[in-house]
Amino acid sequence: MKRPLLALLGSLALLLAACGGGQPETLTVYSGRTENLIGPLLERFTAETGIPVEVRYGQSADLALLIDQEGDRSPADVFISQSPGAVGYLAERDRLRPIPERLLGLVPAEFRNADGLWIGMTGRVRTLVYNRDLVDPADLPRSVFDLTDEAYRGRVAVAPANGSFQDFVTAMRELYGDDAALDWLRGLAANDAQTYANNTAIVQAVARGDVPMGLVNHYYNLRAKAEDPTIASENSPFADGDIGNLMIVTAITVLSTADAPEDAERLVEFMLGEEAQRFFSEQTFEYPLAAGVEPADVLPPLSAVGVATYDFDRLGGGLERTKELIDESGLEGP
Amino acid sequence: MRAVSKVPDRTFETRPPRRWGLRTVVALVGVGFAFPVGYLAWAAVGLGGEFWATLTSASTLVPLRNSLLIAGSTAAAAGLLGSLLAWLVVRTDLPGRRLWKTILPLPLVVPSFVGATALLAAFGRGGLVPFIPRVEGFWGAFAVLTLLTYPYVYLPVAARLSTTSASLEEAARLLGKGSVTTIVRVVVPQIRETVLAGTMLVFLYGLSDFGAVSLMRYDTITRAIFSARLFDRAASLTLGLVLAVLALAVAAFERLGAPTRTAPFATLPLRYPLGRWSVPATLFVAAVVGVGLVAPLAVFVFWVVRGSATVGVGFSGLGDSLAFLVEPTLNSAGAALAAGVMAAVVTLPVAYAAVRLRGWVPAVTSTVVNSVFALPGLVVALAVVFWAIRAPGALGGLYQTFPLLVFAYVLHFGAQAMQSSRAAIAAVPRRYDDVGRTLGVGRWRRFLTVEVPLMRPGLVAGSGLVLLSTLKELPATLLLAPIGFETLATKIWGAAEDGFFAEVGITSLVLVALSAILTWLLVLRQASVTSPPPPN
């Protein structure tokens, strides 16, 4: 008589455990970072916390549009963006849930949103990439503003349709004003700057010698060199503190539609922990932003790069105007 | 010969068929395909987009002109190239034609951004093959798009040529006409509709492409749509609407084209001996395959081999495990097969009605179906999201499921199946159906036993086009697939996005191999084993 009762009680307890808290809900992540650059970490997160994770990969801008379109019915809990522009778009539309103070404190204030709506995960630095067979290092520009000089006519590649270039122009507007930014864009257009589709296309073109130099994020040439160390493209930072060395943060945010915000916040915390930051530093050649992790040896330290800082918060709202300025300058399109 | 082709097809027809059931089905399909344009119109107006102001602004007109220029010239070139290749493979004694038959459709499966990247790596300045002048701008985009899209013409025309009658050509030859005269006056009129249908597809694809034009640095309307998509939604959507309206106009214009001439079917089409043209013809086909397929494949292999030295995350070249590609390969195959079959089934009533029925419903529907194909994939995907997320009850539950993904593919690529089917249906002489009717055979039985077997090569070719297009589809797969559902195309995109070229290479090689197997098994074998009933 006693045994069946015990068994019944036991299974009831198991059932209760399964229903309440014991069986965590699946966390849905929309990720603008591709699988190679985050997948292994998400697996580690599940192994460590027992929280299952599902991921939808895509371009940051497209996923932001998707989340916007999905509205209240969005299945997404967490959004990981390659650039602040896409999170800014969602912040403006009240789609982000504030991140708790204790997590915000993990990252220096200049790499997160002041209202706590998103937080920087890694940094990518804007830089000049040049072909060492075609350009004498002595002739490299000291400032990104030098690229409008006659000496660089037709020799510089840019990707005006790309998010990171647009983020960079927004930062330039914030620091130097719209007029200076427009002058610079017009100067590039007048100087016959070559437009390419994206960062990867520029690095490929520079490595082949199709164009002598270009403006990109530091990551892409390191990646290209990881696969082929013999290529002739080299990163060259501008002078210390030049806005050409701007750091662009990749961001993580919790969405207002998150079903289990605590689980989502645990993922944010995990991505800012030492294991994840070390992965970003050693495996993906990015600048870690938290947990005291140092950048990989292949990267010049941040102090040497002289990263320009500015108020990232103003990025989201400013991008529409940036787009107008790029259009107006004639750099892109007719 | 002209007299022969004017055999009165409508002898037994006493009154035009009404077919209300068919018309209703066609109208419903039309409503389904109107979702993307409806979304564009709704959203553009809602966001305050100004259609006329956008349409007439200089920053629209130049890229728009470029879009028309690249789409038009690519369509013309691919039309010629695809028809010529089809004729050489199906109707001559070209050496190695069985092999060419399997290989020639394959460039269609290479995503245009990968094809462009590979061709730049091979033929760009400083590329693997020294080549001057450098490949870029208009001519670069023209070359890439022509080489990747001629299968839109090649597949349906090859199917059509395999069912055209030898008897007319034999008659012409007996009357003392030379080969060239026979081809121009007998063969060309018979395949004209099919060639036009395929050329139309190339044109619409040319309007929608972003990958090849952006990498070749040629400024088109899709660049404007993409670069404004996040920060100037109204402009982006209005430009999308401009593209849709343009496609509607062009598709409507195409319908004014003269009807095809039908001719009796024969089991064995005539084959022309190439004679002294055999070597040049082989070299020509080899050159097309060489630049359009072998060169990209060689670059993929080069990336894989070079990647063997890779350190860190990602696929690291030769010797690394390929297990990560198993599931995406199965997913790709399943999605492509489902889309291929569904697209043919869904668009068949439209194609049939457009050829056989009068009235505005079939005409409007087929125009709408065509217009969707001219839109960038991202626009189609967002349109499906827009409607699906708002759908009530059970329909809403379909969001980000496999059926909805297939629906998006069918929506985007349905035009390919429809165009191919339409040409196939137009080629079936109406009097076969009429004969059946006078013999008292039921409508469905007539359709299934007489007409479908005759159309089959064309229907299969259309399915094949959708299948190959689905294999490389990206935006809808990324946004609408069940979460975690990865395909070879999404793998290629992910790897290319962050510069993992060894992984782009190996995944592209697997994609081309899968396409070759599917094309051979499902398209070529199916299309070639047809044996239409002997006429009369």
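Laboratory data are not the source of any read-out in this text; all were calculated from the coordinates shown. Just so it is clear, the model here is predicted, and its values are computed rather than measured. Heads up, the Cβs are rebuilt from the backbone with ideal geometry, glycines too, and the neighbour counts pull from every protein chain shown.
When you look at the Cβ of every residue in B:474-484, what mean number of other chain Cβ atoms sits within 10 Å? Write out the running numbers ahead of the final one.
Working: counts 3, 3, 0, 1, 7, 9, 2, 1, 2, 10, 5.
Average neighbour count from other chains, rounded to a whole number: 4.
Using only the Cα atoms, work out Rg/Rh for region A:38-106, with Rh taken as the Kirkwood radius, to two decimals.
Ratio of gyration radius to Kirkwood radius for region A:38-106: 0.98.
Using a/c under 1.5 as the rounded threshold, could you call region B:60-176 rounded, prolate or oblate? The axes a ≥ b ≥ c are square roots of the C-alpha gyration tensor eigenvalues, and prolate needs a/b larger than b/c, oblate otherwise. Working shown, then result.
Numbers: a/c = 2.69, a/b = 1.82, b/c = 1.47.
It is prolate, given that a/c is not under 1.5 and a/b is the larger ratio.
Expressed as cubic angstrom per residue, what is the convex hull volume of the alpha carbon set of the protein assembly as shown? Write down the numbers at each step before the final one.
Details: hull volume 165.2 nm³, N = 870.
Hull volume over Cα atoms, normalised by residue count, gives 190 Å³.
Measure nothing fancy, just the Cα-based angle from helix A:39-49's long axis to the longest principal axis of chain A, in degrees from 0 to 90, nearest 10.
Tilt of helix A:39-49: around 30 degrees.
Mind computing the radius of gyration and Dmax over the alpha-carbon atoms of region A:195-262? Å is fine for both.
Cα radius of gyration and Dmax of region A:195-262 are 16.7, 51 Å respectively.
Normalised radius of gyration for chain B, please: alpha carbon Rg relative to 2.2 N^0.38 Å, two decimal places. Each step should come with its number before you reach the end.
Working: Rg = 23.3 Å, N = 536, 2.2 N^0.38 = 24.0 Å.
The reported ratio for this selection is 0.97.
Taking the Cα centroid of region B:398-449 and of region B:150-165, what is the distance between the two, rounded to the nearest whole Å?
Each part reduced to its Cα centre gives a spacing of 17 Å.
Averaged over peptide B:169-181, how many Cβ atoms belonging to another chain are found within 10 Å of each residue's Cβ? Let's see the in-between values first.
Values: counts 0, 0, 0, 0, 0, 0, 0, 0, 0, 0, 0, 0, 0.
Mean number of neighbouring Cβ atoms from other chains: 0.
How far, in degrees from 0 to 90, does helix A:218-227 lean away from the longest principal axis of the Cα atoms of chain A, to the nearest 10?
80 degrees
For region A:51-151, what are the per-bin percents of Cα-Cα distances with bins 5 Å wide, up to the bin holding the maximum?
Values per bin, smallest distances first: 2, 10, 17, 16, 13, 11, 8, 9, 7, 5, 2, 0.
Exposure proxy check: B:E503, A:E234 ranked by fewest other beta carbons within 10 Å? Working shown, then result.
On the way: B:E503 30, A:E234 19.
Ascending number of Cβ neighbours within 10 Å: A:E234, B:E503.
Can you sort B:T282, A:T284, B:T365 from fewest to most other Cβ atoms within 10 Å of each residue's own Cβ? Walk me through the numbers on the way to the answer.
Numbers: B:T282 17, A:T284 23, B:T365 28.
Fewest to most other Cβ atoms nearby, the residues stand as B:T282, A:T284, B:T365.
Can you name the helices of chain B, as whole DSSP H runs, whose Cα span along the helix axis is 24 Å or more and whose Kyte-Doolittle mean is not below 1.6?
On the way: long enough: B:58-91 (48 Å, 1.27); B:188-208 (30 Å, 1.02); B:233-254 (31 Å, 1.86); B:326-356 (45 Å, 1.21); B:402-426 (33 Å, 1.03); B:452-472 (30 Å, 1.14); B:501-518 (25 Å, 2.16).
Going by DSSP H runs, the hits are B:233-254, B:501-518.
Under the Kirkwood approximation applied to all pairs of distinct alpha-carbon atoms, what is the hydrodynamic radius of region B:113-214 in Å?
On the way: mean 1/r = 0.0621 Å⁻¹.
Value: 16.1 Å, from the Cα pair sum.
Rounded, prolate or oblate: which fits region B:200-249 when a ≥ b ≥ c are the square roots of the eigenvalues of the alpha-carbon gyration tensor, with rounded for a/c under 1.5 and prolate only if a/b beats b/c?
Values: a/c = 2.97, a/b = 1.14, b/c = 2.60.
It is oblate, given that a/c is not under 1.5 and a/b is not larger than b/c.
So how far, in whole Å, is the C-alpha centre of region B:176-210 from the one of region A:41-107?
50 Å
Please give the Cα centre distance for region B:67-119 versus region B:353-372, rounded to the nearest Å.
Taking the Cα centre of region B:353-372 as reference, the centre of region B:67-119 is 28 Å away.
Just want the ordering: A:R208, A:R33, from fewest to most Cβ atoms lying within 10 Å of their own Cβ. Provide the component values of the computation, followed by the final result.
Values: A:R208 20, A:R33 26.
Lowest count first: A:R208, A:R33.
Only Cα pairs within less than 10 Å get springs; with that Gaussian network setup on chain A, which residue of A:A138, A:A232, A:A47 has the largest fluctuation?
Judging by the Gaussian network model, the answer is A:A138.
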